[in-house]
């Protein structure tokens, strides 16, 4: 099977219904692996989940065929109005300056994956990125943030430091918190709103799949509070 290309893939939010995925985007579980202290450390990719060229992913959190939609949204009266900002990421983000790198932080996009916390937290690390080891840890942790809330920037070039990600969708699992997380869109996938607005394409994006986010269609971490489960 050939790899999908950005020009042919998209995720469209349907009104009070599922996400419609086109372009045969690969789908698999992505599990947060923690270190000995319980801090988020790495991602573990699961086996690929079979799907069609076009498929519908549950957005209400109640499907009996998760991650796919089975029409339950209509039975439960799901209200999926989109409330997220339509401004570009940089207009939403706060800038934290360091000697070598900068950190931008758009807090409303937080998906509560907690890769920001180990090693003294990235908000403190950015101030010490002139130390090679701290810089390496900082870039690693920031790039593991699935929502793209956090972005590292090279001050010398003014460019973001983004690890290359395959065009794919991950079903986030969080054993440490005993819950399932959002849909993790990777590699630059166009997300289109129910009214046709095209959200900014970003390398890392998380979409709500518990149905309870207050920042729809994006995740706001509510899945952890309600202990949402995919099964």
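Readers should treat all values here as calculations from the given coordinates under stated rules, not as data from a laboratory. Values in this document were obtained by computation on a predicted structure and should not be read as measured data. Reconstructed Cβ throughout: ideal geometry from the backbone, glycine too, with neighbour counts over all protein chains shown.
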In 5 Å bins starting at 0, how do the alpha-carbon pair distances of the chain split up by percent?
1, 7, 15, 19, 20, 17, 11, 7, 3, 1, 0, 0
Would you work out the relative contact order for the chain, in percent, from Cα pairs under 8 angstrom that are 6 or more residues apart?
23 percent
What's the ranking of 202-212, 56-66 by average number of surrounding C-beta atoms within 10 Å, highest first?
202-212, 56-66
With the calculation restricted to Cα positions, what are the radius of gyration and Dmax of the range 14-73 in angstrom?
14.6, 43
Assuming R0 = 45 Å, what is the FRET efficiency of residue 74 and residue 97, from their Cβ-Cβ distance, to the nearest 0.05?
0.35
For the range 10-123, calculate the relative contact order in percent as a whole number, restricting contacts to Cα pairs under 8 Å that are 6 or more residues apart.
23 percent
If you consider only alpha-carbon coordinates, what radius of gyration and Dmax does the range 32-146 have, in Å?
18.8, 56
Measuring from the lowest to the highest alpha carbon on each principal axis, how far does the range 89-161 reach, largest first, in angstroms?
29, 25, 16
Over the range 77-198, what relative contact order in percent results from Cα pairs under 8 Å that are six or more residues apart?
20 percent
When you count, for each residue, the other Cβ atoms within 10 Å and take the mean per peptide, how do 12-21, 33-42, 137-146, 190-199 rank with the highest first?
137-146, 12-21, 190-199, 33-42
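For residue 197 and residue 22 in the same chain, what is the full-extension length gain: residue separation times 0.36 nm, less their Cα-Cα distance, in nm?
On the way: separation 175, 0.36 × 175 = 63.00 nm, distance 1.66 nm.
Fully extending the segment from residue 197 to residue 22 adds 61.3 nm.
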Cβ crowding within 10 Å averaged over residues, with 119-130, 77-88 ranked highest first:
119-130, 77-88
Cα long-axis angle, helix 132-143 against the chain (0 to 90 degrees, to the nearest 10):
10 degrees
